[in-house]
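Quick notes on the structure that follows.
Each value in this text was obtained by applying a stated rule to the coordinates, not by laboratory testing. Model, not experiment: these values are computed from the prediction. Neighbour counts are summed over all protein chains in view; Cβ atoms, including those assigned to glycine, are modelled from backbone coordinates with ideal geometry.
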Amino acid sequence: MALATINQPTMNQLHNKALIPVPTIRRYIAQLRSEYGMIIQYVTAGDEGYYRIMDWGFIDRDEFLYKAPSLINSQNEIHG
């Protein structure tokens with residue numbers, strides 16, 4: 001969700017928002033690319049670059065952004 005909602009998200013911002021290890025975030029981004037056909041570009045900018053979704057692959061962006069908050073909340077209720 002953070003990758004889609006934070007403007008020019010850095011790896012550090014993704015880590016802080018998702019509260020998951022950096023290697024896991026990298027693995028998730030790789031999966032989004034390979035399994036869902038998303039084009040996620042890493043843009044070098046100064047000391048730290050950021051990620052940009054160039055193409056959502058076969059994921060419907062609007063549907064994802066609409067449903068993701070409720071999915072995240074239900075997962076938090078289960079695990080937290």
Given labels modelled 7 Å from the Cα in the Cβ direction, how far is it in nm from Gln41 to Asn12? 2.4 nm
Residues whose modelled amide H sits under 5 Å from the amide H of Ile40, counting only those 5 or more places away in sequence or on another chain, are Met54
How big is D for the range 2-79, in µm² s⁻¹ as a whole number, if Stokes-Einstein is applied with the Kirkwood radius of its Cα pairs at 37 °C and 0.692 mPa s? 245 µm²/s
Give the order of Leu32, Leu19 when sorted by the count of other beta carbons within 10 angstrom, beginning with the fewest. Leu19, Leu32
Work out from phi, with θ = phi - 60° and the Karplus expression 6.51 cos²θ - 1.76 cosθ + 1.60, the ³J(HN,Hα) of each residue of the range 36-47, listed in order in whole Hz, and give x for Gly and Pro. 10, x, 6, 9, 10, 9, 9, 10, 7, 8, x, 6
Kindly state, to the nearest 0.05, the FRET efficiency for Tyr66 paired with Thr24, given R0 = 22 Å and r defined as their beta-carbon distance. 0.30
How high is the relative contact order of the chain, given as a whole-number percent (alpha carbon pairs under 8 Å, six or more residues apart)? 28 percent
Label points 7 Å out from Cα along the Cβ direction at Phe58 and Gln31: separation in nm? 1.7 nm
